[in-house]
Amino acid sequence: MADDTNKPAPAAPKGYDPIPFAKKHRISVEDAKAILAKHRDDRKAADKEGRRVSL
């Protein structure tokens, strides 16, 4: 059986864009950028902190 090397690599998880994230949590884009830089691809943690900042 031949090894199929023509398959595409699995897609990397995509993080949030700062503008939609800021709108979702009603925070500034600067705050959103800082939160997303801190939490990278961890959406759950980013959303949790976004909710905290919006209060």
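The values are calculated or read from the model by the stated rules, or taken from the named source; none is laboratory data. Values in this document were obtained by computation on a predicted structure and should not be read as measured data. Heads up, the Cβs are rebuilt from the backbone with ideal geometry, glycines too, and the neighbour counts pull from every protein chain shown.
Here are some notes:
- Applying a threshold of 7 Å to beta carbon distances and a minimum spacing of six or more residues, or different chains, the list of pairs starting in segment 41-55 at a residue that is closer than 16 Å to ASP17 by Cα and ending at one that is of a type in the set (Ser, Thr, Tyr) reads ARG43/TYR16; ALA46/TYR16.
- Odd one out for LYS48, checked against (1) exposed (fewer than 15 other Cβ atoms within 10 Å of the Cβ); (2) at pLDDT below 90: (2)
- Taking the criterion of being touching a His at 6+ places or on another chain (Cβ under 9 Å) and of a type in the set (Gly, Ala, Ser), the residues of segment 13-55 that qualify are GLY15, ALA32, ALA45, ALA46, GLY50, SER54.
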